Amino acid sequence: METTLKRNKIMAMSTSGDEACPYYIYVPKTISERPTILVSVHGITRNAVEHCTQFAERFDLSDTVLVVPLFTKERFKHFQILREDAAGLRPSDALNLILEDIETKYGFETKKITLSGYSGGGQFAHRYAMLYPERIQKLVLMAPGWYTFPDAKTAYPEGLKTSGEFENLQLYPKGLLSFPVEIIVGEKDNRRDKNLNRSVAIDQNQGRNRMRRAQNWTKSIIELSILRDIKPNIKMTIVTGAGHDFKANFNKANYVQCVRAAVLSI
């Protein structure tokens, strides 16, 4: 892997040490001392390079450092729900190590990030945001398959009640009220494909497709805001003509425009 940071080039990097965590980074020509750190998280296809390519080619990333972690299937098969690897490291810990690595090696401030995720990456992103809300500047979720709801009576990862392997995983749903949250779903993303969690409990409690689940989760966060007497700062956008396929959606001008507006504005 390369060790010298180059501008306008997607670079494969890794953290140091026994728990090395791979990631990709893209730094544009125009950059300040304190650029925006945009983290984009892949879904279960692990198409990290494609995330880098699409964001770098289609968006104006001036003064924005793009970071895409790679959660390999061998190590983090269930990265979406923050399940530990064989050594006891969670994918959320891996992202923190990556951000620390970037700050140490290149001097970029990484304590606050704009976090986006596609499909399974959106699952990871909203759970990471509830685990470390103080690190989030903005959260952008692109059609997660299902969600962790702010429900203390339902077991994690569907709700907040933790036990067993997740006993020490403390999530803070009210942290979601401290930064903007945007959810993007294609109008055709209402199919029950093979990659969708189709358990009876999820169907009953969250809805039978990604669109309905996004609507119900958005409603739950709005209700949480009202309960806390905080103005809701969550927005859901349904994109005309879009489905669930990453490549197909990023070939649609209206989808790209929607994502660009979400990730590059605060």
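The values are calculated or read from the model by the stated rules, or taken from the named source; none is laboratory data. Owing to the predicted nature of the structure, the values given are computational and were not obtained by experimental measurement. Positions of Cβ are backbone-derived with ideal geometry, glycine not excepted, and every protein chain shown enters the neighbour counts.
Selection within segment 103-118: residues that are basic (Lys, Arg) and at pLDDT 95 or above. The member of this set that is surrounded by the most Cβ atoms within 10 Å (Cβ to Cβ) is Lys112. Cβ-Cβ distances below 8 Å connect the following pairs, each with a first residue in segment 96-114 that is within 21 Å of Leu141 (Cβ to Cβ) and of a type in the set (S, T, N, Q), a second residue that is in a loop (DSSP other than H, G, I, E, B) and at pLDDT 95 or above, and a separation of six or more residues or different chains: Asn96/Tyr132.
Yes/no matrix, rows are residues, columns are (1) surrounded by fewer than 16 Cβ atoms within 10 Å (Cβ to Cβ); (2) farther than 17 Å from Gly159 by Cβ:
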residue	(1), (2)
Val200	yes, no
Arg213	no, no
Trp217	no, no
Lys231	yes, yes
Gly243	no, yes
Val256	no, yes
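Where strands (runs of 3 or more DSSP E) sit wholly within segment 1-102, those with at least 3 residues that are buried (at least 20 other Cβ atoms within 10 Å of the Cβ) and aliphatic (A, V, I, L, M) occupy 36-41, 64-69. Of everything in segment 180-223, what is assigned to a helix (DSSP H, G or I) and more than 21 Å from the chain's Cα centre (by Cα)? Give them in sequence order. Selection gives Val200, Ala201, Asp203, Gln204, Asn205, Glu223. Of the residues making up segment 233-266, those that are in a loop (DSSP other than H, G, I, E, B) and over 20 Å from the mean Cα position of the chain (by Cα) are Thr240, Gly241, Asn251, Lys252. Checked against the criteria, Gly145 does not count as in contact with a Leu (Cβ under 6 Å, 6 or more places away or on another chain), closer than 24 Å to Gly243 by Cβ and part of a helix (DSSP H, G or I).
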